[in-house]
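The next block holds one structure in the form of structure tokens; read it before the comments.
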Amino acid sequence: MGKAGKEQNMENRKMKESCKMNKKLEVKDLIAMGIFSAIYIVVFLAVIMVSGLVPVVYLFSGAIGAVVLGTVYMLYLSKVGKRFSVLILGVIFTTLLGAQVGVWTMFVTGYSMAILAELIASKGKYKSFTLNMVSFIFFSFMPFGVYGAFWLLRDTMLESAKVYGEAHAQRLSELTTTPMLFALIAATIAGAIIGAYIGKKLLKRHFKKSGIV
Amino acid sequence: MIKFKDISFSYENSTLGGELKNIDLNINKGDFVLLTGKSGCGKSTLLNMISGIIPHHTKGKISGSIEVDGKDVLKTSVQEMALSVGSVFQNPKSQFFHLNTTDEIIFSATNKGVPADELVNRLEHTAALFHMEDILDRNIFRLSGGEKQKIACASVYAGQPKIFIFDEPSANLDQFAIDELKRIFTALKNEGKTVLVAEHRLFYLMDIADRIVYIDEGKMKAEFSTGEFKSLSKESRKAMGLRAIHQPVINGRAEKVSTTLDKTSVIASTAETGDLVIKDLVFSYDNEPVLNLEHIKLNKGNAVAILGKNGSGKSTLSHCLCGLNKCKGIFLEGKGYSEKKRLKSFDLVMQDVNHQLFTESLMDEMRLAAKHDTSRKEIEEILSELELISYKDRHPMSLSGGQKQRLVIGASMASGKDYVIFDEPTSGLDYIHMEAFAKMVEKLKNQAKLILIITHDYELVNLCCDAIIQMG
Amino acid sequence: MQKKQKLQLHPGTKLIMLLLLNVPIFGITDKNIILPFVVFALILLILSREYKVVFKYIVLYAVITSIGVFSEYIPDIIIDLTSTLLVSLKMFLPLIAYGLLVARTTTISEVSYMLDQLRMPDGVIIPFLVMFRFFPTIHEERKMISNAMKLRGIGIDFKNVVSQPLKTAEFIYVPMLFTLLNIGTELTNASLTRGLGGTQKRSYLSTVHMTWQDAVVLAVFFAMIVFFFYLKMSGGIV
């Protein structure tokens, strides 16, 4: 077999390997997943802590978080974008946050949204911007169980509020009405869309331009 | 043990160099080989081919064959190669997988499935050999750079490979840590391990290495026994781009300004006051006293080296000077400036310049740093001086390490700040690049700036520094 | 090496308690039943020698509760403004107590061993470990980037955040992501060359098993839940 033949074999083998590599998660992907999980959680907690200061805003922390985290998510899909990558990120996020707060609703919204986000993103092979964006919308609803507890577990929350006085509980009840719930959902969706577009822009300007993706 | 047969390799992204051309190299069991050459000559590439990182993890074009410990590297996975080859890389910060030192040391062994009781044995043996009983079960983040590098070496050792490869292991270490590293190398040699070290700093290996391989532009230019290498003239070594083979010491040229000295340093002028005066600077960190400086006077147009072993307060001092730390006792041109003012007068070129690049093109980066009235032409002039003009629309993160450093220096020049601090600017640089940096410092001095350089590199100090602050 | 005697619980035990706590919290409306659970968690923390955390928690609890007690004296505005946060906190306080128990007394290797025992794939365990490893890294890098920004005059201060918020965010985000990815690349090399992802099954130095301590703690916890639900059924509480 001449030199040309040898090189051809090399090419073939490399192509086969790269096809294999494209589907399965490798060590370098797992490490990237860990890094992104860390970034995602740190940024999200930062958003909650800042928006927790201004009261009503606290309820919208998921929406604000979505705006900020869009870039991370888009970069994540560019860098790792393989089968189960979204699901695992979501599972880790939910589990860690859930273990800190403990409310069972968090786990419900968290895991279910992670699964949906994974399914949607994989439909476009993690490369379609529109599908990625929709995937991100669902992903952004993962922490809904935390502040959404005001609606999902309304009675218990109101009972808690009574400690601060009947009038106060009344005000809280007025605040957490159904229209407010819809506003929250709409805000989260809007936030995710904005975040996705910001992510797309930053991805192009920095990460694609520098060749790291 | 290791056989390279007519190996040629080029990276997929071939602009960054580091290629190899027709390498033939044989290394026997128990050899201690030093690989050296100018920056970008391909020595790191060569090492990575022994561990299998190339070609399995890093893509590129390859031809030829490599056999390591009886295995064909091109056909063996990196993890499989790891059973025979242990790799220690340059940056102590980014090599560890765990947060706990004990977990990290046995990492290599646990990956290989070594059973628990054997793990304990290896842990104890490694700790004893490396003298690290006091850093077991600790948080890796709290360790010094030298200790981190020790953990990296120990982690590789505990996996019991036959071959050890080190890629510029001393780059970020001070003299004490290098002595420790030397001790570890000697121990490895005595155990009959096969060791390859790619290095710029040669002096600490002159008594340990058996052979020295010189690589230039990807080709094996020469092989020396250590005796032969030592007998090379200084000029030919410099022409090869190599650093000193004897431990560098400070020559008498630079004036020493000790931390407790109370006389002024005489530098080029006999002015009574200085442009930068430090007086009674006391600084504590977490209630631990770090700095205690009585009186130091420095003038513009000079370069001052800040020396001292790791942990002696060099970084803290630089942070105090440029306004990142709140402290009293720093006077610029006669006035006691607040942190805010100092931030405007000082610039700091960090050890890792990746933290200082914010924009999407070199031009934008320069404009971000530049004074408001700087024209486009002036910016382009600076870029030309630094040989970066052809990259002006490229993204900063696409440059090589050396280019990034020059970009940050360029930004500093554009900012017009008169006081510039460099943090370890020449670690990991070969002689030619270090000389080029020294020339740059001279240029900055001529622009009437005061340059402070935190460094371990005595060759650099001898070339361009006028005074020394010795922290201790 | 002599280790101080302290309570050693399996991480699974703590997580089970954390999850099960939701049952009495949301199943029983009478708020007073929560106190025994909180006290139990604090006892466990004390037995684990986490005194500082217990102290801080008690202070937090006292503050939140006293706001409730003195709510009549506090101007309505403040109550209004802080209501959502306070109610959430009050709701989650007991859960936070157990969350602290999980966080303060569990080591990462314990968790990774537990995940391994649960037959979680590498695909979950490795990212989990890497994530924890990067938390302090993110903290360090953020400080350095923040310093670099201050030197350029684009630091995170009032003026910059107000006049160009998006740009300022970009200035933190971009170097941070690049640096972390670079560290990730180097870490990957250092991990592959030490055999991560190889064909052998990973071994562990220390293994964590359920002991009598776990049994006792879980029994007590369970008993409390059953007790309170019994009270509820027999009409003693709501």
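Cβ-Cβ contacts under 7 Å between residues 6 or more apart (or on different chains), taken from a first residue in the stretch B:82-110 that is in contact (Cβ under 8 Å) with a residue 60 or more places away in the chain to a second residue that is of a type in the set (D, E) and in a loop (DSSP other than H, G, I, E, B), are listed as B:S84/B:D69; B:Q90/B:E168. All of B:A109, B:A128 fail the test of being part of a helix (DSSP H, G or I), within 22 Å of B:L188 (Cβ to Cβ) and within 11 Å of chain C (Cβ to nearest Cβ), apart from B:A109.
Within the stretch C:183-238, being over 30 Å from C:L15 (Cα atoms) and not in a helix (DSSP H, G or I) holds for C:T193, C:R194, C:G195, C:G198, C:T199, C:G235.
The set of residues in the stretch B:89-106 being in contact with a helix residue (DSSP H, G or I) (Cβ under 8 Å, 6 or more places away or on another chain), outside any helix (DSSP H, G or I) and over 21 Å from C:M131 (Cβ atoms) consists of B:F89 alone.
Taking the conditions (1) away from every other protein chain (no Cβ under 12 Å); (2) crowded, with 19+ Cβ neighbours inside 10 Å; (3) not in a helix (DSSP H, G or I) in turn, B:P161 satisfies each one other than (1). Filtering the stretch C:155-162 for residues that are out of contact with any Ser or Thr (no Cβ under 8 Å at 6 or more places or on another chain), charged (D, E, K, R) and under 30 Å from A:M74 (Cβ atoms) leaves a non-empty set.
Restricting attention to the stretch B:69-83, the residues that are closer than 18 Å to B:Y157 by Cα and away from chain C (no Cβ under 11 Å) add up to 1.
Is one or more of the residues making up the stretch C:130-147 within 25 Å of B:A414 (Cβ to Cβ), more than 14 Å from chain A (Cβ to nearest Cβ) and either crowded, with 21+ Cβ neighbours inside 10 Å or touching a helix residue (DSSP H, G or I) at 6+ places or on another chain (Cβ under 8 Å) (or both)? Checking the stretch C:130-147: at least one residue is within 25 Å of B:A414 (Cβ to Cβ), more than 14 Å from chain A (Cβ to nearest Cβ) and either crowded, with 21+ Cβ neighbours inside 10 Å or touching a helix residue (DSSP H, G or I) at 6+ places or on another chain (Cβ under 8 Å) (or both). Among the residues of the stretch C:166-206, those that are of a type in the set (A, V, I, L, M, F, W, C) and more than 7 Å from chain B (Cβ to nearest Cβ) comprise C:L166, C:A169, C:I172, C:M176, C:L177, C:L180, C:L181. Tell me, please, whether a residue that is away from chain C (no Cβ under 11 Å), crowded, with 20+ Cβ neighbours inside 10 Å, in contact with a Pro (Cβ under 8 Å, 6 or more places away or on another chain) and more than 21 Å from B:F203 (Cα to Cα) can be found in the stretch B:142-149. Yes, because at least one residue in the stretch B:142-149 is away from chain C (no Cβ under 11 Å), crowded, with 20+ Cβ neighbours inside 10 Å, in contact with a Pro (Cβ under 8 Å, 6 or more places away or on another chain) and more than 21 Å from B:F203 (Cα to Cα). Within the stretch B:369-391, is even one residue buried (at least 16 other Cβ atoms within 10 Å of the Cβ), touching a Lys or Arg at 6+ places or on another chain (Cβ under 7 Å) and within 10 Å of another protein chain (Cβ to nearest Cβ)? Yes, because at least one residue in the stretch B:369-391 is buried (at least 16 other Cβ atoms within 10 Å of the Cβ), touching a Lys or Arg at 6+ places or on another chain (Cβ under 7 Å) and within 10 Å of another protein chain (Cβ to nearest Cβ). For residues that are aliphatic (A, V, I, L, M) and free of Cβ contacts under 8 Å to residues at least 24 places away in the same chain, scanning just the stretch A:68-119, find the one that is surrounded by the fewest Cβ atoms within 10 Å (Cβ to Cβ). Top of the filtered list is A:L119. Hey, does the stretch B:51-58 have a residue that's buried (at least 19 other Cβ atoms within 10 Å of the Cβ), more than 21 Å from C:E186 (Cβ to Cβ), small (G, A, S) and at pLDDT 90 or above? No, that holds for no residue. Can you give me the number of residues within the stretch B:385-396 that are part of a helix (DSSP H, G or I), within 22 Å of B:I421 (Cα to Cα) and in contact with a helix residue (DSSP H, G or I) (Cβ under 7 Å, 6 or more places away or on another chain)? Going through the stretch B:385-396 one residue at a time, the tally reaches 1.
Name the strands (runs of 3 or more DSSP E) wholly within the stretch B:276-354 that hold at least 1 residues that are within 14 Å of another protein chain (Cβ to nearest Cβ) and touching a strand residue (DSSP E or B) at 6+ places or on another chain (Cβ under 6 Å)?
The qualifying strands (runs of 3 or more DSSP E) are B:346-349.
In the stretch A:120-136, of all residues being of a type outside the set (S, T, Y) and surrounded by fewer than 20 Cβ atoms within 10 Å (Cβ to Cβ), the one that is farthest from A:I189 (Cα to Cα) corresponds to A:K125.
Results for (1) within 14 Å of chain C (Cβ to nearest Cβ); (2) outside any loop (DSSP other than H, G, I, E, B); (3) under 26 Å from the mean Cα position of the chain (by Cα), shown as yes or no for each residue.
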residue: B:K21; (1), (2), (3): no, yes, no
residue: B:D24; (1), (2), (3): no, yes, no
residue: B:K29; (1), (2), (3): no, no, no
residue: B:L35; (1), (2), (3): no, yes, yes
residue: B:C41; (1), (2), (3): no, no, yes
residue: B:M49; (1), (2), (3): yes, yes, yes
residue: B:I54; (1), (2), (3): yes, yes, yes
residue: B:T58; (1), (2), (3): yes, no, yes
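Taking the stretch B:418-430, which residues are of a type outside the set (S, T, N, Q) and either at pLDDT 90 or above or in a strand (DSSP E or B) (or both)? Matches in the stretch B:418-430: B:D418, B:Y419, B:V420, B:I421, B:F422, B:D423, B:E424, B:P425.
Among the residues of the stretch B:84-127, write down those that are of a type in the set (A, V, I, L, M, F, W, C) and surrounded by fewer than 21 Cβ atoms within 10 Å (Cβ to Cβ). Across the stretch B:84-127, the qualifying residues are B:A116, B:L119, B:V120, B:L123, B:A127.
Going through (1) surrounded by fewer than 23 Cβ atoms within 10 Å (Cβ to Cβ); (2) small (G, A, S); (3) within 22 Å of the chain's Cα centre (by Cα) one by one, B:S225 falls short only on (3).
Let's see how each residue does on (1) under 30 Å from B:T58 (Cα atoms); (2) in contact with a Gly (Cβ under 9 Å, 6 or more places away or on another chain); (3) modelled with pLDDT of 90 or more:
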site	(1), (2), (3)
C:L181	yes, no, yes
C:A190	yes, no, yes
C:R194	yes, yes, yes
C:Q200	yes, yes, no
C:S206	no, no, no
C:H209	no, no, no
C:L218	no, no, yes
C:A223	no, no, yes
C:S234	no, no, no
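Residue check: C:K167 meets all listed conditions (1) surrounded by fewer than 20 Cβ atoms within 10 Å (Cβ to Cβ); (2) closer than 30 Å to B:T102 by Cα but one, namely (2).
Suppose we filter B:E365, B:E435 for residues that are part of a helix (DSSP H, G or I) and under 23 Å from B:L242 (Cβ atoms); which single one remains? From the options B:E365, B:E435, the qualifying one is B:E435.
Test C:A190 against the criterion of being surrounded by 19 or more Cβ atoms within 10 Å (Cβ to Cβ), small (G, A, S) and free of Cβ contacts under 8 Å to residues at least 12 places away in the same chain, and give yes or no.
yes
When the stretch B:264-292 is filtered for residues that are modelled with pLDDT under 80, among the aliphatic types (A, V, I, L, M) and within 18 Å of B:A305 (Cβ to Cβ), the ones remaining, listed by number, are B:V266, B:I267, B:A268.
The values are calculated or read from the model by the stated rules, or taken from the named source; none is laboratory data. Bear in mind that the values here come from a model prediction, so they are computed numbers and not experimental data. Quick reminder, even Gly has a Cβ in these numbers, built from the backbone with ideal geometry, and neighbours come from all protein chains shown.
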